[in-house]
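The values are calculated or read from the model by the stated rules, or taken from the named source; none is laboratory data. Predicted model, so just to flag it, every value in this text is computed and none were measured. Here the Cβ positions follow ideal geometry from the backbone for every residue, glycine too, while neighbour counts run over all protein chains shown. Heads up: the accessible areas ignore ligands, DNA and RNA and are worked out on the full protein's heavy atoms, side chains in. Shrake-Rupley method; radii C 1.70, N 1.55, O 1.52, S 1.80 Å.
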Amino acid sequence: MPELPEVEVSRQGITPFMLGETVMRVVVRNASLRWPIPSEIQEMVGLTITGIRRRAKYLLLETDWGTAILHLGMSGNLKVLPHGSPAGKHDHVDIELGNGKLLRLNDPRRFGCLLWTREPAEQHPLLVKLGPEPLTEDFNGDYLYQRSRKRKIAVKQFIMDNHVVVGVGNIYANESLFSAGIHPQRAANEVEQGQYQALAADIKKVLARAITQGGTTLKDFTGSDGKPGYFVQELQVYGRAEQPCSGCGALLQEVRMGGRSTVFCPLCQR
Ligand SMILES: [Zn+2]
C-alpha cells in the first residue's frame, strides 16, 4: 500500500510535468473507484494546474477553479506518459496536458479515488478532520503529550490514528517506537512528555528518510515502471521477530495489535 513517503515522492515526481500545464482532456475509462469519479471532473478541462500539494495521502491537483483530490488507495500508482500511450486493463484515468504528456492513474484494486471540489480542499469531508502533517512544526512532542492525556489506548494505536497525526503507517509506527524506546502496548496517557518528544522526532526522522530514499530509488516517473513500492530502508524491528535487537541483542518479540504485526524489543522498549 502506498504510504505517505510514496505519495510524497509521487507528488515530487509528477510536479515538473504538470505544474503550469493546461488540462486538455480527462479520459475516464472506469469511474468505479472507491467512490465513483464524478462527471464534474470534466470541469478540469481548459484549466491550468497551479499547484500540486499533498495532504496526508491525498494528492491535490489545484487550479483556479477547483481542486482534484486523488488517492492511490491500496494499489494505485501514477505514471507520466506521452499522449496516445496504449492503456492497459487497470489504467482507469488519463489527465492529458498541453505539453503532450498525460498523467495516468493505474489501480488494480480500485480502492483509490479521484474527486473534484470547488471548495477549499482542506474543508472537504475526507480531509477536514485529519490531524497535523508529521513533517510540520505543528506536530511535536508537546502536541502528542497534550493529545494523549485522556487516551488509554495503546500508544501504537494512538500514533496510527489519522485524527492524531497523519501518515504514520504500521512500519513507521514500529520503527519509531523502537527508536524512541517506547513499548508499543503502553497506554498513551502513561507515556511521559520527554518520551513523546523523542517519539515525535523519530517519526519525523523515519518518514523523512523514506522520502529521501524513495526520491533516489524512483528516478523516473515516465518509464514503464513508475510504480512506487515500499521504499526499502534499513528496518530495525519490522519483519525481524525472533532476531536479535540491534541495541541489546535480546530476541525481538512480535504481537498483533489491531490485526497488524507489531515487533519490539522487550528490554529496550518500556
Ligand atoms: Zn533491545
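Assign one of three labels to the stretch 51-92, namely rounded, prolate or oblate, based on the Cα gyration tensor with a ≥ b ≥ c the square roots of its eigenvalues; rounded applies when a/c is under 1.5, prolate when it is not and a/b is larger than b/c, and oblate otherwise.
Because a/c hits 1.5 or more and a/b fails to exceed b/c, the stretch 51-92 counts as oblate.
All Cα-Cα separations within the stretch 125-223 were binned at 5 Å from zero, giving a P(r) of 2, 14, 24, 25, 15, 9, 6, 3, 2, 1, each value a whole percent of the pairs. Around the Cα centre of the stretch 65-215, unit charges on the Cβ atoms of Lys, Arg, Asp and Glu (plus for the first two, minus for the last two) sum to a dipole of about 380 debye.
The gain in end-to-end length when the L235 to A208 segment is fully stretched comes to 8.3 nm, 0.36 nm per residue minus the alpha carbon separation. Taking 0.36 nm per residue of sequence separation and removing the Cα-Cα distance, the H90/R53 pair yields an extension gain of 10.9 nm. Computed from label points 7 Å out along Cα-Cβ, the spacing between Q185 and Q12 is 3.8 nm. Computed extension length for N162-N140: 6.4 nm, one decimal, from 0.36 nm per residue of separation with the Cα-Cα distance subtracted. In the context of the full protein assembly, R260 retains an accessible surface of approximately 100 Å², using a probe radius of 1.4 Å and ignoring ligands and nucleic acids. With R₀ set to 35 Å, the beta-carbon distance separating S32 from S261 gives a calculated FRET efficiency near 0.65.
Label zone (L19, point 7 Å along Cα-to-C-beta; backbone nitrogen cut-off 16 Å) within the stretch 63-89: 63-64.
Charge dipole of the stretch 1-91 (Cα centre as origin; +1 on each Lys and Arg Cβ, -1 on each Asp and Glu Cβ, all else neutral): 240 debye, rounded to the nearest 20. Among the cysteines of the chain, those with no neighbouring cysteine Cβ under 4.7 Å are C113, C248. Each label was represented as a point 7 Å from its Cα along the Cα-to-Cβ direction; for A201 and E122 these points are 2.8 nm apart. Spin-label model, R149/S39: points 7 Å from Cα along the beta carbon direction are separated by 5.3 nm.
Summary: within the chain, the longest segment free of GluC sites (Glu not before Pro) located in DSSP loops with at most 15 other C-beta atoms within 10 Å is 1-136.
Treating only the Cβ of Lys, Arg, Asp and Glu as charged (+1, +1, -1, -1), what charge dipole size does the chain show about its Cα centre? Round to the nearest 20 debye.
660
Taken per residue, the accessible surface of the chain reaches 46 Å², heavy atoms only and a 1.4 Å probe.
Would you mind checking K79/K156; K101/K156; K129/K205 for any pair whose Cα atoms are more than 32 angstrom apart? Flagged as over cut-off: K79/K156; K101/K156.
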